[in-house]
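Every number in this text was worked out from the coordinates using simple rules, so none of it is lab data. The structure presented is a predicted model; accordingly, all values stated were derived computationally and were not measured. We place every Cβ from the backbone using ideal geometry, glycine too, and count neighbours over all the protein chains shown.
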Amino acid sequence: MKAMFRPTLEEVKGYAEEFERVPVSLEIFADTDTTIGLLSRLEKRADCCFLLESVEGGEKWARYSFLGIGPFDTLTAKNGKVVIKSVDGTVKISDNPIEVLRKMVSGKAPKLDYLPRFTGGAVGYFGYDCVRYFEDIPDENPDDAGFPDFCVMLADRIFVYDNIRQSLILIANVKTEGNIDENYRKACETLTEMSRIVRQEGGAPLRGNSKPFKISEWKSNMTKQEFERMVKLAKRNIVNGDIFQVVLSQRFEAEIEGNLIDTYRVLRTSNPSPYMYYLRFGDIEIAGASPETLLRLENGILETCPIAGSRPRGETPEKDAELEKELLNDEKELSEHNMLVDLARNDLGKVSKFGTVRLKKYKNVVRYSQIMHLTSLVTSEISEEFDAIDALGNILPAGTLSGAPKVMAMKLIDKYENRRRGPYGGAVGYIGFDGGMDVCITIRTIVKKGNKAYIQAGAGIVADSVPENEYYESCNKAKAVLLAAQKAVEIC
């Protein structure tokens, strides 16, 4: 059967005057494949790779999962400089990392209604410390982990697994400058090769690590007493009127051998979430299952979904309903939730058309396998003078990971926490060549650099916080990922 490439060459030429890239696709049957099986086979072909998945409402798999290997460029930003590594081996160093990234992604491709919402672009993480590219925040803590401020891969070849049709949509982007006929032909050859790779390597073992996966004992970067002292100091700031709330965290660290693929395998099944991801940039890996949208931009509409307030799931439907009622009547939780909803509205308002910010959903209880959360949905129409990166810069980090007022809360975080946060509390996801974006908050995540792994978790501090309770809350938030890492050791 002759392969069917969409769009056609003539259709691509029609987009050439307006766009720099056009996604071309080929769909193949893949009912015997799984996303994890594809990842375990494809990741061996390149130093950089990614898998983005989603479970809607913690119960139903979203239609599409996105995989990619071998980006044409990677961007690594640190302290105001960005290193651009190209697939041909060339390396460039530039100033102003944010503007370099903006130039590479903004509005370069059309949005085709028969393709999934992501067809290529920047995939990666934006660390908490990226805030310093947008706000004047102190930077006095040691950077012992040494993670880049942000790290993204520019992906123009995407493997999209359609969970409904049980098929793979292969995507390669055609450059519209130069000889379009030749570029289109090369893109079709790339798609044919991608299809061959998938079929040729079918049936490979589902094994994340070829060697035993080992982790040493996890150790926190602060004692229980140090964490509680930090909470007491923050409460003093609240009483003095400096802030209303601040999120303080601790970081767990361990020595590690092997990659994080098996840890991700455990996380995606034990904690199914709206955002599940495995990213690798050489010796840097990130695996997580985050429940919280930081920011989504699609067709000019911005969305953010603040989460504040939670309860464990009940063992029976009756107990579940009782816990939901308790959550919806908890004045402390409701006050914190309202504060963060207001902060989200203010953040979106800075980059939106006047009068378009709306509270679409308010105090909805969303259930996951182990926990229920109190969530709201804030939307707006982005102003023509701004793009995805402007919007991200205005909302990063989320109020649910910093506090309110945000800038003052971040200054206190820098004062009280004894290390740079790195990826924790930032964002993971993509910014598409078509100008769209979907990023979550980097929580319930394990990160690895070299032979060190880190898991970080925090607690929201308010006026009536009990220091010991907040310490245990931060430990409990880290527990799911700590257990996933241990389970990965057992299955290897």
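General observations
- With neighbour counts taken as other beta-carbon atoms within 10 Å, the residues 25, 402, 106 rank, fewest first, as 106, 25, 402.
- Net charge of Cβ neighbours under 12 Å - reference residue 134; Lys, Arg +1; Asp, Glu -1: -3
- With contacts taken as Cα pairs under 8 Å at a separation of at least 6 residues, the stretch 77-140 carries a relative contact order of 21 percent.
- Summing charges over all other residues whose Cβ lies under 10 Å from the Cβ of residue 407, with Lys and Arg as +1 and Asp and Glu as -1, gives 0.
- Between 0 and 90 degrees, the angle of helix 331-349 with respect to the longest Cα principal axis of the chain falls at about 40 degrees.
- Residue 139/residue 338 FRET efficiency (R0 41 Å; Cβ-Cβ; nearest 0.05): 0.85
- Above-threshold pairs, the threshold being 27 Å between Cα atoms, out of 363/487; 363/411; 224/479; 353/406; 78/448; 103/415: 363/487; 363/411; 103/415
- For residue 222, distant residues with modelled amide H under 5 Å away: 251
- Legend: ranking of residues 91, 83, 462 from fewest to most surrounding C-beta atoms inside 10 Å; resulting order 91, 83, 462.
- Phi angles across the stretch 282-292 convert, under the Karplus curve 6.51 cos²θ - 1.76 cosθ + 1.60 with θ = phi - 60°, into 3J(HN,Hα) values of x, 8, 9, 10, 9, 9, x, 9, 9, x, 10 Hz, Gly and Pro given as x.
- Our coupling estimate for the stretch 355-367, obtained by passing each phi through the Karplus curve with A = 6.51, B = -1.76, C = 1.60 and θ = phi - 60°, is x, 9, 6, 10, 9, 7, 9, 9, 6, 7, 8, 10, 9 Hz, Gly and Pro reported as x.
- Remark: relative contact order (the chain) = 22 percent; criterion is Cα-Cα distance under 8 angstrom and separation of 6 or more residues.
- Dimensions of the stretch 262-302 from C-alpha coordinates, computed as largest minus smallest value along each principal axis and given longest first, are 37, 27, 13 Å.
- Mean ellipticity per residue at 222 nm, deg cm²/dmol - from DSSP H runs of n ≥ 4 across the chain, formula -39500 (n - 2.57): -9500 deg cm²/dmol
- In Hz, Karplus ³J(HN,Hα) per residue of the stretch 134-145 (6.51, -1.76, 1.60; θ = phi - 60°; x = Gly, Pro): 10, 10, 8, 10, x, 9, 9, 7, x, 10, 5, 6
- In the chain, the C-alpha radius of gyration followed by the widest Cα-Cα span (Dmax) gives 22.3, 73 angstrom.
- Qualifying aspartates and glutamates (Cα of each under 14 Å from Cα of residue 81; at least 8 residues distant if same chain): 95, 99, 129, 149
- Each peptide in 108-118, 356-366 gets a packing score, the mean of other Cβ atoms within 10 Å over its residues, and the list from highest to lowest is 108-118, 356-366.
- Taking the square roots of 5 times each eigenvalue of the Cα gyration tensor of the stretch 225-322, largest first, gives ellipsoid semi-axes of 29, 23, 20 Å.
- Long-range amide H partners of residue 313 with built H, under 5 Å: 371, 372
- Near residue 403, the amide H atoms lying under 5 Å from its own belong to 247; only residues 5 or more places off or on other chains count, and H is placed 1.01 Å from N.
- Excluding same-chain neighbours fewer than eight residues apart, the aspartates and glutamates reachable from residue 108 by a Cα-Cα span under 13 Å are 17, 18, 20, 156, 177, 387, 434.
- Net charge of the neighbourhood of residue 299, taken over other residues with C-beta under 13 Å away and scored Lys/Arg +1, Asp/Glu -1, is -3.
- Acute angle (nearest 10 degrees) that the helix 406-416 long axis makes with the longest principal axis of the chain, alpha-carbon atoms: 70 degrees
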